[in-house]
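Participant: Following this message is one structure expressed as C-alpha cells.
What follows is calculated from the coordinates using simple rules that are stated; it is not laboratory data. All values derive from a computational prediction rather than experimental measurement. Note that we place each Cβ from the backbone using ideal geometry, even for glycine, and neighbour counts take in every protein chain shown.
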Amino acid sequence: MMDISQHYPALIIAIPLFAAFLCPLFKERIKALATLAILALLATLIFVVLLAGQVYTSVAPITYTYGSSSPGLTLPSGYHVPVRIIFEIDGLSILMALITVILALVGAIYAYSSIKDESGKGKFFALLLLLTVGALGMVLTGDIFNLFVFLEISSIAGAALVAYYNYRGEANEAAFKYITVSSVGGVLVLFAIGILYSEYDLLNIAALGNAISTTGLSTLDLFALALFVGAFAMKAGTFPMHMWLPDAYGEAPAAVNPPLIASTQASLYALLRVTYIMYGGAVFNYTTLGWVLIVLGVFSMIFGVLMALKQNDIKRFIGYTAVSQVGYMLVPFGVGLSTIGDDVAFGTYGITALQAGLFHMINDAIYMGMLFMVVGCVYHATGKRNMEELGGLARNMPLTAIFFMIGGAAVSGVPPFNGFASKIMIYESIYNFHPLLSIIAIVVSIITLGAYVKAFQGIFLGPKLKEFENVEEAPTSMLVSIAVLAALVIVFGLMPSLVVKTIIAPAANALVNPYGYYAGVLGGV
Amino acid sequence: MLNTGFGYWEPIIFALTFLLLGCIAYFIYIRGNPKHKKVGEQLKPFLSGNPEPAKELVHIRGRHIYWGFKEAFAPVYRKLDEMHDGDVRNYMLWFFGILVILMLIFLGGM
C-alpha cells in the first residue's frame, strides 16, 4: 500500500494546481469557486504542516524525486549526479511554504466578498491558485531550472491578476510593467542558469553547490552570481529596481496582494538559496557580497519610506512602505553573509542577524498582507483610494480602523506587535556590525510610524463626511481574513521566542550549513 | 522571553504594564470633574471670537500632515519624482545600471 506521507511535497503542488484547472468550469459561481479554492488551500496547508513535522524531525533536508521508484532516491544506481527534478525541503523551504499557503488562504477567503460584483471570477481563482503554485514551487524545488519555471508561473499569473480590474487603464499599465520587468528578470535568471549548466552539466542546487565548492569559483560563476543577485533583488522590490512594485501592488485586487507578497518573498528566498547555499560552499569574499545586500537594503529602507510619506493613494502608500520593509530584511541578511568565515562575529551577532531577517520576512508578509486587505475594505466601501478624499471613516468602519491601527503599529515596530520583535533583533544584531546601520533602521521606523499616523488621520479620523454617511463596515469574509492575520500579528508579537525557536532557528540553521544540504541531498558526496 | 543576542524582550510583561497603566489612566479619567457640562458654550473652540466653521471644512486632510517635512526635503523629492516617472523603459535602465555595478563589484572585487 502506498505510503502517502512520502508524497506530501508532490501533493502540496498538485492540489492547488488541480483546483486551478477546475476553476474555469465554475465560471461566475463565486460560492463554488471560493469554496473550491479555500478547500484546496486548506488541504495544502494541512500537508504543509504534516511535511513541517517531518522536516523538523529530520537531520537532512527531505527530498522528493519525481519519476523515481522511491521518492527519497535522489541518485539511482549508476548515476553520479541527480538528473531528475527533486524537491528539497529544509527548515527555510517549509517556513516559506507555510507563510505562502496562509497568505493565499486568507486571500481566497477575502476574495469571496471583494470580487463578488466583478466578472471573470473563474479566471480570477484559477490565477490565484496558479500564483500560489508558482510561489510554492519556488520554495520547495531543489532544481535551479525548475525554480525558473515556477518563477515564470508566478510572474505570469501575478501579472494577469494585477490586470484583473481591466476596465481601469492603470491596472493594465501596471500589469504591463510587472510582466516586462519580470520577463527580463526571468531571462537573466535563465541566462545565469545556462552559464552554470554549460560549466557543470548540472541543474540540481545541491549538486551545483557541491561542484562550485569543489572546483572553486570561476569568473563565469561570479558573472552568474551577479545576474542571480540582480534579478532576484529586483523581483523582491529592492531600491532602485522597485518601481514596478507600488504600481503592481497598488493596482492588484486586495485579495491578490497577500499571495503576491508571498511570490515576491519567494524571490527573496531564491536570493538566499543562491547566496547562502549554492555559492555558500565556495571560498570567496562574503564581506563584499554582504555589503552589496546591506547597501541595497539601506537605500530601500530610506527611499521607500520617503516616497511613502508623500503618497496620497492608499494602496501605493502601503506599496512604498513594503519597499522600505524589504530593506529591513536585506540588511540583516547582508550582515549574516558578511560574517561568514569569521566564527566569532558570526556566533556573536551574524546568526542573530540572519534569524532576525528571516523573522522579519515572515512578519512583513503577515502585516503587509493585512494592511493591503484593510485598505481594500476602504476602497470596497467608499470606491475611493485617495487620502485627500477620505476621512472620518472610523465612525462607520470601526473594525477596519482598528485593524489598520494594528497593522500600522506592527510595520512601524511598535511593541508588543510582531514587527517590534523582529526589529529589536535587527537593531541589536546589526549595531554590532556597524552602529550606523542600526541608527538608520531606527530612524526609518520612526518615519514609518509618522507615515502611518498621517494615513490613519487621513482615512479614519476627523468629522464624519457627508459623502460617507451611508458607508458600512466591510463584509464578514473580508473582515475574517484580516482578523486571521491580525491574530498572527499579535500572537507572533506576544510569543516571539516560541516562533523563533520553532520555525525561525531551523530555517537559519539550514541556511548556514551548505555542506549539510549538499550531503543530505547527494548522500554524503 | 526573546533573547535578542545582547538583551531580552518580554512582551507579556510589556503588555501587562501597558494594561496596568491603562487601568490607572481610566481610574483618573472616571475621577474627573463631575460638574462638567456635556452641552453648551464651553464645548465650542475659542477662535478669537470668530464663529466656528463647519467640521467638514476644517477636516485635516492627508496632505496637511508633514507638510514641513516634505518642504524641507523638497530637493530630494524632486529627484525621486524624476526617478519615478512611470516609464517602464527607465525602470529597465535602473535595473541594468544596477546589474552593471554588481558585475563590476563581483568580477573586480571578489
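Participant: At q = 0.13, 0.26, 0.32 Å⁻¹, what is the base-10 log of I(q)/I(0) for segment B:71-110 according to the Debye formula with one equal point scatterer per Cα and no solvent? Please give it to two decimals.
Facilitator: Treating every Cα as an identical point scatterer, log10 I(q)/I(0) equals -0.43, -0.81, -0.95.
Participant: Quick one: among B:Leu57, B:Leu43, B:Leu19, which has the greatest mean-square fluctuation in a GNM of chain B with alpha-carbon springs under 10 angstrom?
Facilitator: B:Leu19
Participant: Classify segment B:24-72: rounded, prolate or oblate, from the alpha-carbon gyration tensor (a ≥ b ≥ c, eigenvalue square roots; a/c under 1.5 rounded; otherwise prolate if a/b is larger than b/c)?
Facilitator: Oblate shape, in that a/c is at least 1.5 and b/c is the bigger or equal ratio.
Participant: Say each of B:Phe6 and A:Asn285 gets a label point 7 Å from the Cα, pointing the same way as Cα to Cβ; how far apart are those two points in nm?
Facilitator: Label at B:Phe6, label at A:Asn285, 2.7 nm between them.
Participant: List nothing, just return the count: lysine pairs in segment A:285-494, 8 or more apart or interchain, with Cα separation under 15 Å.
Facilitator: Within segment A:285-494, the lysine pair count is 4.
Participant: Also, I was wondering about something else. Run the quick spin-label model on B:Phe69 and A:Val480: label points 7 Å from Cα toward the beta carbon, then report their separation in nm to one decimal.
Facilitator: Spacing of the two 7 Å Cα→Cβ label points: 3.8 nm.
Participant: Can you list the residues of segment A:233-256 with backbone N under 19 Å from a point 7 Å past the Cα of B:Leu93, pointing along Cα to Cβ?
Facilitator: A:239-245
Participant: Then there's this: Remind me, relative contact order of chain A in percent, using alpha carbon pairs under 8 angstrom and six or more residues apart?
Facilitator: On the way: 969 pairs, mean separation 86.2, N = 525.
Relative contact order for chain A comes out at 16 percent.
Participant: Right, here's the next one. Provide the gained length on full extension for the span B:Phe18 to B:Val58, in nm with one decimal, where the gain is 0.36 nm per separating residue minus the Cα-Cα distance. Numbers along the way, then the final one.
Facilitator: Details: separation 40, 0.36 × 40 = 14.40 nm, distance 3.36 nm.
This chain segment gains 11.0 nm when fully extended.
Participant: Cut-off under 17 Å on the C-alpha distance; same-chain residues fewer than 8 positions from B:Lys55 excluded. Which aspartates and glutamates are left, in chain and number order?
Facilitator: A:Glu388, A:Glu389, A:Glu467, A:Glu469, B:Glu41
Participant: Mind giving me the nanometre distance, one decimal, between the label points for A:Arg395 and B:Tyr29, set 7 Å out from Cα along Cα→Cβ?
Facilitator: 2.0
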